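Any read-out appearing in this document is the output of simple, stated calculations on the displayed coordinates, not a laboratory observation. All of these numbers come straight from a predicted model, not from anything done at the bench. Here the Cβ positions follow ideal geometry from the backbone for every residue, glycine too, while neighbour counts run over all protein chains shown.
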Amino acid sequence: MYALDLGTNESESPGKAKTPNFVRTLRGSSNAQVRLYIPKEFALQNGLTNGELILKDVKNEGAWTVNISNHLSRFYYIHTGLKEFCIANGLKKGDHVKFELIRSGKKPIAIVSSITFLLFGLN
């Protein structure tokens, strides 16, 4: 199972609007179930509580529709479709990733990227 577990933040670049984001270490196990946990405050503030989300990688090569669910409104997570996204984008257990919400609304869009790629241009 994959899970992400660091803090939240907002990116701010000169001349660009702030985008809600968080950084996590990708965690996993050997079973087939894959989940990415969204910080509760982040999920509530950005309307990521249930429904579909489109994930893209930092290179914007392709898009994957994943599902967001919650358990008793206590924690929020991305599941169905996430495993395929991770495989296609070379993400694995132990990778540090950034989740950046680039569009909110009925069908939000987020970019998930490897911190290694962002820092060193590698993936």
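Structure notes:
- Ascending count of other beta-carbon atoms within 10 Å, so fewest first, for Thr65, Thr19: Thr65, Thr19
- Here the relative contact order of the stretch 67-112, from alpha carbon pairs under 8 Å that lie six or more residues apart, stands at 21 percent.
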